[in-house]
Amino acid sequence: MSVAVELRHISKRFPGVIANKDVSMSVETGTVHALVGENGAGKSTVMKILYGMQRPDSGEILVNGTTVHFKNPNDAIEASIGMVHQHFMLADNFTVLENVILGSEPQHGITIDFAAARTKVVEMAAQYGLEIDPDVLVEELGVGQRQRVEILKVLYRGARILIFDEPTAVLVPQEVDDLFNALKGLRAQGMAIIFISHKLDEVLRVADDVTVIRAGSTVAEVKSKDVTARQLAELMVGSELPQPSTHGDTRRPEITLALKDVSIPTKSGSRDLISHVTFNLHAGEVVGIAGVEGNGQAELVEAIMGLRDYTGVIEFSAANINDLSVAHRRDLGIGLIPEDRQRQAMMMESPLWENRILGHQRGKPVMNGFVLDMKTIMTDTKSIMEEFDVRAPGPQTLAAALSGGNQQKFIVGREMSKAPSLLVASHPTRGVDVGAQGAIWEELRRAREKGMAIVLISADLEELIGMSDRLLVMLRGVVTAELDPAKTTPEQLGSAMTGAS
Amino acid sequence: MKKLKLSTVALAIAGPLAAAVVSITISSLAVLASHKSPIDAYKTMWDFGTTSGSLMQMLNTATPYYIAALAIAITFRAGLFNIGVEGQLRLGAIFGAYLGAKFILPPVLHIIAIMVIAMTIGGLWAAIAGYLKVKRGVSEVISTIMLNSLAGGLSSYLLANYFVDRTTNSNNMSTKTLPASGQFPDLMPLLNKFGVEDQPGGGVYGMLVFAIALGFVFWFVINRTRFGFELRASGSNPIAARFSGVNSKRMVFVAMALSGAVAGLAGLPAVLGETHAFNMGFRTGIGFSAIAVALLGRNNPLGMGISALLFGFLEVSSRSLELIDIAPETYVIMQGSILLSSVIAYEVVRRYKITLQSKELAKAVAE
C-alpha cells in the first residue's frame, strides 16, 4: 500500500487564533482514515487546507509522494482530491445526471453530450455500488440519495482521495448503513477516504486508522481495531470523561407532575399523536422518555407546556393546569429546554442579555414591575455566563455569534437560574462538547438532589439510562414499556424503542 | 474591547455614508438625464431649503411623518407590516375634527379628548386587520391596503353627506371649525421670543413637541418594558416567543390596534394646528411616505426623527427646482434612491457585524 496523502507539520494561524499547530497525518490508499476531534478542535481547518480553500502558514502537503501547493479547490480537484460537503450543494430542479455533470459537462460541439455523460455516470454508479436513477429530479430524492449524488459528482471529476465532512450528521440509521457499505466499496476500489466525524462509534465501525486532533494539534494516530470509543473520547478531551449517572434515590413523596390519560387527537381523525399517556413524576425524580425521534416526544413536551391542545388531565403540584396558558405554567415553576434551541429558545440576532429575559419576562429578577431591570439583567447574564462557562465576550454579544454548544449552555443556565420545580429537558446535551456535557449533567444531578423533578428526553441512550430514575418508552405516541434503568442496557432500550422486543 | 467599539462606530457610519454616495449618484444621473446640472440643482435646493420659511415648513412636514413612522415601527418591531396608516390617520383626523367641534372643554382637556377620539378610531380601524389576521389568517399587508381604499371613500362620503359644515358657503367642503380650546397653539410666539422672525405663511405646529415626546415614550415602551420585550420577541422569533409564554395571537392583535391608535394621531398636527377642521385639502400620502421614514430610520426613534426631517427637507426644498426648470418630482427619485440604497447598506452592515462578532469571539475564546 502506498501513501495517498500526507500532511507534514501543518500550522495555520488566524488573527489572534491558532487554528492548527503542527498537524501531521498520513492516509494510505485503500483505507478509510478518520479525523476526530471536538467541535472547534481544528478539524475543518485541516480539511480546508487539504482542499485548497485555505493555505497553511507552514508545513507541507504531499499527494502521492509529491509536494503540492493548492491555491484554490480547483487545484485540489486537479490533484484528484474531492470533498463531499456536509451541506449538499445540489440544484433541486435538475436531474441526478445533470447535477453530476454540472460544471464539467462533456461537450459535443456546442451542446452537452448527454449520451456519453449518461454512460459514464451509470457505469460509475454500478462500479462503486452507488446505484441511482440518473433521470430523477433531485428534489424527489431523500437525504441519503442526495448524498450519493454528491459522491458521484466528486467521483465524476476523477477524485481518488475523498474527504467526507461529517457525512452521517444528516442521515437516519438505515442510510448510515448504506453509506458505510458504499465507503467500503470505494475503499476496495483503491480510493483513499478521509472521514471527519465526532461520532466515535461510527468511526470505529468504518475507519481503518484514526487521527485524533485536540486544540489544533494532532495528539494520536491509532489503528481503530486497537482502541475503544472511550479511549478515543479521552484522547479527544485530554482527560477522563464525565459519566451520565446519578447517586441514590432522591425521590420525595410529593408528586410534582401527573399526566392522566393525556391524548392529542388529530383533526383528520387518524392515529392520535400521543395516546392515553399516564404517569406520575415525584419531586427529586428524573423520568427519561425514550423513543425514536418522531414518536410523540415533541408533542408530549408541548402538551406539558400548554403549547398544544390535549384531552385528559395534567396536574402540577396536585393542581389541574389544563386551562393555564404557557406563560402561567412557566410562572408556576415549569422550566423548558426545548429540542431546537435556535428556533424555539433564542432570538439569534439579539444580544445575550435579551435572550436571558426570554421566557422569564414576567417577574423577578429581570423585571421591576412592568419595566426591565437593566442592572440586574446585566449582572445576572454575566453570572450565568460564568457559572455555565458560556464563552463569549459579554452580555452584549449576539446569540448568533456563539457556537451551538455555548448557546445550549446559556439556555440551560437560563432555565436553571429560576430553580423551577419541574424541568422539561429535550436533548439537553445535544451538540455540546464533552466538557459542557459533563457540566450540564452535574447541574441536573444537583437540581435533582434539591428536589427538582425532571422530564428528560434524549436520543443519547447512555444519557437516558445514566440520568433517569425511571424510563418510559414511547412508540407511535403510546407508552409501550416502563423500564428500570439500572437493569437496562442500551441495546435492550434500543430494541424496546423500535418495538422489536 | 476598545477595538470592537471603534469598529462598531465605524460600521454605524459606513452604512449611511455608502447609502448617501449611491443615492446622490442616482439622483444626479436623473438630473443629468434632463440635461441639467446636478450641482445647480443641489445648490438651488440648499439655498431655498435653508431659508427660515422653508425650515418651518420642513418641520411641519416632518411632524406627521414622524408620528406615522412611529406607528409603522410598532408593527415592524412585532414582525408585522401596517400599510394602513394612511387610512387610519385619515379616519382619525376626520372623526377627531368632526366630534371635537361638537363640544367645548377646558383648553388642554379638549385637545386630549380629540386625541383620544382619533386614537380610538385609528385603533379600531387597524384592529379590523388584526382581527382578520388572528381569526382568519388574512395577511395584514393585504387587508390594510384594502382598508386604505375603504377609509378614503368612507371619509369623503362622511364629509360630503354628514360631517360637512353647511353654515359656511365655501367651495372647500369642511367640518365645522374647532373652538379655540381645541386648537393646538402654534410655536411661533415662542420662537419670536428667541428672535425668529415671522415668515409669510409660516408657523410651526405645536404638535412638534408632542411628536418628540411620543418618540421618547416609544423608545421606553419598546425597549424597556415587558410589553415591548414581548412585542420585539414576537418580531424576531415568533416560535421562541410562543415557547417563552407570549400569546402570539393576542400580540398580533394588540400590536395592530396600538399601531392604528398612534397612526390616528398623525393627521392631527395639521387639523389641530393649522386648518382647525378636516377639509378636502387634507394631505394625502403621509402614511406611505412614513413607511420610507420608518425603514430609513430603522424603527429607531432617533433614526426616524432624522429621516423624517430629511424627507421633509427634500420635499420642501425640491419645490425650488421648478425655478430652474427641473421637474420637482425629482424629489421622488431622491426619496426612492435614498431608501433603496440605505436598506441595502443596512443589510450588508448587519451581516458584516455578525461575522465580525464571531471573529471577536473566536479571539476571546483563544485567549
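None of the figures in this text is laboratory data; all of them are computed from the coordinates on show. Since this is a predicted model, take the numbers as computed values, not measurements. When we count neighbours, we look across all protein chains shown, and the Cβ atoms used for this are built from the backbone with ideal geometry, even at glycine.
So for B:LEU147, B:LEU314, A:LEU171, fewest C-beta neighbours within 10 Å to most, what's the order?
Result, fewest neighbours first: A:LEU171, B:LEU314, B:LEU147.
Determine, for each peptide in A:85-94, A:71-80, the mean count of other beta carbons within 10 angstrom over its residues, then list the peptides with the highest first.
The packing order, highest mean first, is A:71-80, A:85-94.
Specify the residue with the greatest mean-square fluctuation among B:VAL164, B:VAL21, B:VAL204, computed from a Gaussian network of chain B linking alpha-carbon atoms under 10 Å apart.
Maximum fluctuation in the GNM of chain B, among the listed residues, is at B:VAL21.
Using θ = phi - 60° and the Karplus curve 6.51 cos²θ - 1.76 cosθ + 1.60, what whole-Hz ³J(HN,Hα) does each residue of segment A:444-451 get, with Gly and Pro shown as x?
Values per residue, Gly and Pro as x: 5, 4, 5, 5, 4, 5, 7, x Hz.
Residue by residue through segment B:328-338, which ³J(HN,Hα) values in whole Hz follow from phi under the Karplus form 6.51 cos²θ - 1.76 cosθ + 1.60 (θ = phi - 60°), with glycine and proline marked x?
Rounded to whole hertz, the list is x, 5, 3, 3, 5, 5, 4, 4, x, 6, 4.
So what are the ³J(HN,Hα) numbers for segment A:174-184, from phi and the Karplus equation (6.51, -1.76, 1.60; θ = phi - 60°), rounded to whole Hz, Gly and Pro as x?
4, 5, 4, 4, 4, 4, 5, 4, 4, 4, 5
For A:438-448, what's the mean count of beta carbons from other chains sitting within 10 Å of each residue's beta carbon?
Mean number of neighbouring Cβ atoms from other chains: 0.
With the convex hull built on the Cα atoms of the protein assembly as shown, state its orientation-averaged projected area in nm².
46.4 nm²
Return the Rg/Rh ratio of chain B with Cα-based radii and a Kirkwood Rh.
My calculation of the ratio gives 1.00.
Please give the average number of partner chain Cβ atoms lying within 10 Å of the Cβ of each residue in A:347-360, rounded to a whole number.
Going residue by residue through A:347-360 and averaging, the value is 4.
Which of B:TRP219, A:TRP441, B:TRP125 has the fewest other C-beta atoms within 10 Å, and how do the rest follow up to the most?
Lowest to highest Cβ neighbour count: B:TRP219, A:TRP441, B:TRP125.
Of the listed peptides B:255-264, A:392-401, what is their order by residue-averaged count of other C-beta atoms within 10 Å, with the highest listed first?
Descending packing order for the listed peptides: B:255-264, A:392-401.
As an exercise, find the ratio Rg/Rh for chain A from alpha-carbon atoms, using the Kirkwood inverse-distance average for Rh.
1.01
Would you tell me the mean number of C-beta atoms belonging to other protein chains that fall within 10 Å of each C-beta in B:230-242, as a whole number?
5
List the extent of the Cα atoms of segment B:1-148 along each of their three principal axes, largest first, rounded to whole Å.
Each principal axis gives a Cα extent; for segment B:1-148 these are 53, 42, 41 Å.
Order the peptides A:375-383, A:111-119 from the highest to the lowest mean number of other Cβ atoms within 10 Å of their residues.
A:375-383, A:111-119
Give me A:ARG8, A:ARG146, A:ARG446 sorted ascending by neighbouring Cβ count inside 10 Å, so fewest comes first.
By the 10 Å Cβ count, ascending, the order reads A:ARG446, A:ARG8, A:ARG146.
Along its principal axes, what span do the Cα atoms of segment A:378-491 show, with the longest given first and each in whole Å?
47, 27, 25
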